[in-house]
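**Q** Let me begin by handing over the structure; questions about it come next.
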Amino acid sequence: MPHPLNDVVVVLPGIMGSALHDRDGHEVWGTSMGTLVKGVLTRGKAAKRLQLPAGIGDAAAPDGVVATSLLSDIHVIPGIWSVSIGYERLLAWFRETFEVVEAGAGGDPSRAPNLVAFPYDWRLSNRTSALALQHTVEPILERFRAQPGKADAKLVFVAHSMGGLVARYYVDVLGGHDVTRKVITLGTPHRGALNALVSLVNGISKGFGPLKIDLTDLARSMPALFQLLPEYACIESPTGLRKTTELSVPELATADLADAMRFHEELRTGATAHGSAYDAHPILARTQPTDTTARIVAGEVQALRTIEGRDEAGDGTVPRLSAAPYGVAQSSPTLRYVMDKHGGLPANEPVLIELEGVLTAREVIARAAEYEVGVSCDDIVLAGTPLDVAIGVESDLVVDVLVRDQSGAVVSRSIAVDRGDDTYRSRIEDLAPGRYALSVGVRGATETVTTPVVVITPEDG
């Protein structure tokens, strides 16, 4: 029987997780293969249309583009961020688990909503998106509170990846702490992620067989991507690790770097002042190979998976040290760990178990992983090219590798080969063009690691 939901829950996606439409209502970013392949991978023409003017700062989009919905399926712009599995499973779980009234076109207009899916223009400054969040959710909460017995209702945010920064800016900086009960983040880069530094400095020029895409100018036009830069000291120097504002970073303007670090300082200051007003529930992964620091060589960033000689891993995109909000120590029992990759967290079953416990105020703790499994593979491959998978887990185990298509049907099933030194290998051949979910797990264990994979062909363009 579904649980009652006595607060207003707001779900925020990560970067690239919202569909974007132009002023004429045409989709310019979505999850259809037409958008994904023709618009992005065949020279990136559609994606380049999303480029913002220089110096936009915290202004609204000048091109008439608006965010319309959360993306339900696999989505990616190669090189800017990691592939995400989408938000259909998360929203469906809310509908199955709680008594919800959804905001928007799909909801009952005669009833006050208590579930809000908040899309936002992920190109823009997170300050801008947080202000839009405020203007959206506060009237909804006011209407919900007007119902009998709901006067004490508050907001609960469930935010994936960069969506957590948007939520925290509203709560900690724009005054949302007064009306917020909980902020639940899934793999949010609270202190930034090295991926953003690599993308912005090295540029984004990807090749997939005969396909070529260069989205460097798009990436460098996005204030939000700058706000994903590591706030922590992450660049090797002769005197130790330094912050991006403490040395010269190739290709990046000093003013842009300074503004991005001011954004993080606003979050830090706000959390110090208001963090006790609500409950923070960070959910993160820690078993995947993850770039954490870097060195600059010949004008380019070389990513490293260690920090001061330690490999602390993460979720494959967000390093472990960054996934806890300001004010929450790495050793805090507040942190909840699962075993998956960044893009798979919104559909991760232990995450959903943890969410149910948090939202129903019951002590339901996700079962700990029996084995820690780390998975590395390409998330975009050309048809006819094998998908090579490297798996880190202790030896002498049976490691299953499954590939499911969009319908959930298993199209490939194999056992990874133990190469020794806690490394397994698997090669998957002959995947047809489309979107897949690669799942890796130890035989008999309860948890798996899921990696979204897209297979494309030159003919798709």
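Computed from the coordinates by the stated procedures, all read-outs in this text should not be read as laboratory data. Note that the structure is predicted; figures quoted are calculated from it, not measured. Cβ coordinates were reconstructed from backbone atoms using ideal geometry, including for glycine residues, and neighbour counts include every protein chain displayed.
**Q** Just check the stretch 406-461 against the gyration tensor rule for me: Cα atoms, a ≥ b ≥ c as the square roots of the eigenvalues, rounded for a/c under 1.5, and otherwise prolate or oblate depending on whether a/b exceeds b/c.
**A** Prolate, because a/c is 1.5 or more and a/b exceeds b/c.
**Q** Once you sort the root eigenvalues of the Cα gyration tensor of the stretch 165-290 as a ≥ b ≥ c, which label holds: rounded (a/c under 1.5), prolate (a/b larger than b/c) or oblate (the other case)?
**A** In terms of gyration-tensor shape, prolate.
**Q** State the extension gain, in nm to one decimal, for the chain segment bounded by LEU174 and ILE353, taking 0.36 nm per residue of separation less the distance between their alpha-carbons.
**A** So the extension gain works out to 61.4 nm.
**Q** Ranked highest first by the average count of other Cβ atoms within 10 Å around their residues, in what order do 315-326, 380-391 fall?
**A** Listed from highest to lowest mean packing, they are 315-326, 380-391.
**Q** Taking a quarter of the surface of the Cα convex hull of the stretch 330-434, what do you get in nm²?
**A** 8.7 nm²
**Q** How many nm separate the modelled label positions at SER395 and GLN51, each set 7 Å beyond the Cα in the direction of the Cβ?
**A** 5.2 nm
**Q** Can you classify the stretch 253-373 as rounded, prolate or oblate using the Cα gyration tensor, where a ≥ b ≥ c are the square roots of its eigenvalues, rounded means a/c under 1.5, and otherwise it's prolate if a/b beats b/c and oblate if not?
**A** Since a/c reaches 1.5 but b/c is at least a/b, the shape of the stretch 253-373 is classed as oblate.
**Q** Scan around ILE204 for amide H atoms under 5 Å from its own, H built in the peptide plane at 1.01 Å from N, and keep only partners 5 or more places away or cross-chain.
**A** Close amide H contacts, sequence-distant or interchain: LEU215, THR216.
**Q** Moving on to the next point. May I ask for the net charge around LEU402, where only other residues with Cβ less than 13 Å from the Cβ of LEU402 are counted and Lys, Arg are +1 while Asp, Glu are -1?
**A** Net charge in that neighbourhood comes out at +1.
**Q** Here's another thing I want to ask about it. Let me confirm the definition first: pairs of Lys residues in the chain, 8 or more apart or on different chains, C-alpha distance under 24 Å. How many are there?
**A** Lysine pair count for the chain: 11.
**Q** Continuing with the same structure: Taking the Cα centre of the chain as origin and charging only Cβ (+1 Lys, Arg; -1 Asp, Glu), how large is the dipole, in debye to the nearest 20?
**A** 540 debye
**Q** Still on this model: Among GLU356, GLU99, which comes first, then next, by fewest other beta-carbon atoms within 10 Å?
**A** Ordered from fewest to most neighbouring Cβ atoms within 10 Å, GLU356, GLU99 come out as GLU99, GLU356.
**Q** At what distance in angstrom do the alpha carbon centres of the stretch 382-458 and the stretch 226-303 lie from each other?
**A** Their Cα centres are 32 Å away from one another.
**Q** Grab the Cα-Cα distance for HIS26 and LEU304, subtract it from 0.36 nm times how many residues apart they are, and report the gain in nm with one decimal.
**A** 96.0 nm
**Q** Let me ask something additional. Once the other residues with Cβ under 9 Å from the Cβ of PRO2 are scored (Lys, Arg +1; Asp, Glu -1), what is the net sum?
**A** -1
**Q** Okay, next question. Mind sorting MET16, MET339 by how few other Cβ atoms lie within 10 Å of their own Cβ, fewest first?
**A** By the 10 Å Cβ count, ascending, the order reads MET16, MET339.
**Q** So who's got an amide H within less than 5 Å of the one on LYS154, skipping anything under 5 residues away but keeping other chains? H placed 1.01 Å off N, in plane.
**A** For LYS154, whose amide H was placed from the backbone, the distant partners under 5 Å are VAL8.
**Q** Could you list ARG295, ARG191, ARG123, ARG268 so that the one with the fewest beta carbons within 10 Å of its beta carbon is first and the one with the most is last?
**A** ARG295, ARG268, ARG191, ARG123
**Q** Another question, if that's okay. Distance in nm between label sites at GLU138 and ARG419, each 7 Å beyond Cα in the beta-carbon direction?
**A** Each label point is offset 7 Å from its Cα along the Cβ direction, giving 5.5 nm.
**Q** Continuing with the same structure: Nearest 5 is fine: what % of DSSP beta bridges in the chain come out antiparallel, could you say?
**A** Beta bridges within the chain, antiparallel portion: roughly 65 percent.
**Q** Right, here's the next one. Along Cα→Cβ, 7 Å out, is where each label goes; now give me the distance between the ones at ALA233 and THR385 in nm to one decimal.
**A** 3.9 nm
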